[in-house]
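Written out below as structure tokens is the structure these notes cover.
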Amino acid sequence: MPRSRHNALFALITVAALSLTGCADPAEPGAGSAKGEAKGKTPTTDVVSAVKKDEAAAKLLPEEVRKAGTLRIAASTGAPPGAFYEEDGTTLAGADIDFADAAAKVLGVKLKREVASFEAILPALGSGKYDLGTGNFGVTEERLKTIDFVTYINDGQGFAVRDDSELKEVTDLTQLCGLTVGTTAGTTFEVTLEQNRGRCAEEGKKPYEVKTYADQAAVWLSLQQKRSDVIMSTINGLRYAVSQQEGLRFVNEFKRLDVGFAFKKGTPLAPAFQAAVNQLKKDGTYDRILEKWGTTGSAIEESQISPPELKGPDPK
């Protein structure tokens with residue numbers, strides 16, 4: 001989606017400014033809150049510039065990377081708290097941006113960042129176009145066949161609806177039968193929905209319709225404009241967005257997934273980035289990033305390299 005169109009769509013759904021305060025009811029599982037940020041404004045706390053290089057972590061980088069001092073990173077942008085353009089249309093912000101920049105500082109390298117569509121990044125890693133990618137990529141068995149991950153948060157799949165919806169909780173995908181479900185193309189959400197759509201017919205029910213969009217802002221507009229009855233997206237993204245838009249509500253978490261930096265399978269960069277994330281946890285930067293973006297419920301105990309997919313409820 002052209003950036004100008006993205007900004008126009010995003011302005012419609014974010015009350016013109018961005019905030020993570022009140023991202024979710026603190027009593028909800030996985031809820032977090034941004035500290036020191038006024039509602040209606042983008043969190044601006046600088047959590048990266050004070051990060052110091054860690055020599056032990058940096059030594060884990062391949063020699064050629066240490067000499068070059070740069071890495072090529074592809075970033076998928078959409079909506080907060082992951083990665084998005086601020087109101088000026090040129091400045092990138094979000095938890096993914098902060099985590100990547102902070103890890104790079106630990107390793108003593110600079111990132112050459114290029115914005116790319118979500119569905120294009122993983123294939124581009126395989127071709128060698130980029131060294132790593134960010135985009136709230138969940139660790140799944142299918143992706144592990146061709147991609148290595150270094151985990152830094154835990155997020156996952158959830159649902160949101162308009163306030164007038166009768167849908168109260170989704171524990172079985174057949175509860176969506178007969179509805180139109182909006183989601184982002186190329187995601188685990190689309191895969192999960194498509195793999196299970198036939199179950200409606202098996203139970204004698206009208207199948208749900210899956211509508212995919214290239215941009216998260218367009219997914220939200222489809223819900224607002226009643227082209228979708230329910231949307232499936234990231235837990236953190238859903239909780240943030242419903243806090244900013246009247247008439248919408250978060251339904252429930254469906255499945256948790258580890259989320260990580262994505263690399264080509266067999267990458268020699270993984271040990272260094274794992275060490276970098278764990279160093280950020282040690283020096284407190286990790287917690288500061290989560291607090292800034294209201295995602296403290298997504299903290300992990302330690303970074304892992306390509307862990308197995310988390311087994312949540314059977315998507316039945």
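For the reader, a short list of remarks on this structure follows.
- Any chance residue 171 is part of a loop (DSSP other than H, G, I, E, B), among the polar types (S, T, N, Q) and surrounded by fewer than 21 Cβ atoms within 10 Å (Cβ to Cβ): yes
- Odd one out for residue 281, checked against (1) in contact (Cβ under 8 Å) with a residue 40 or more places away in the chain; (2) part of a helix (DSSP H, G or I): (1)
- For residue 270, the conditions (1) under 19 Å from the mean Cα position of the chain (by Cα); (2) farther than 28 Å from residue 213 by Cβ are fulfilled apart from (1).
- The residue list 234, 295, 212 contains one member that is in contact with a Gly (Cβ under 6 Å, 6 or more places away or on another chain), under 29 Å from residue 130 (Cβ atoms) and hydroxyl-bearing (Ser, Thr, Tyr), which is 295.
- Against the test of being within 19 Å of residue 292 (Cβ to Cβ) and in contact with a Lys or Arg (Cβ under 6 Å, 6 or more places away or on another chain), the options 45, 70 yield a single qualifying residue, 45.
- Condition met for residue 292 (part of a helix (DSSP H, G or I), assigned by TED's automatic domain parsing to the domain that holds residue 146 and under 18 Å from the mean Cα position of the chain (by Cα)): yes
- On inspection, residue 79 does not qualify as in contact (Cβ under 8 Å) with a residue 40 or more places away in the chain and in a helix (DSSP H, G or I).
- Residue within region 144-151 that is out of contact with any Pro (no Cβ under 7 Å at 6 or more places or on another chain) and farther than 30 Å from residue 273 by Cα present: no
The values are calculated or read from the model by the stated rules, or taken from the named source; none is laboratory data. This structure is a prediction, so every number in the text was calculated from the model and none was measured. A quick note on method: Cβ atoms are made from the backbone with ideal geometry, for glycine too, and the neighbour counts reach across all protein chains shown.
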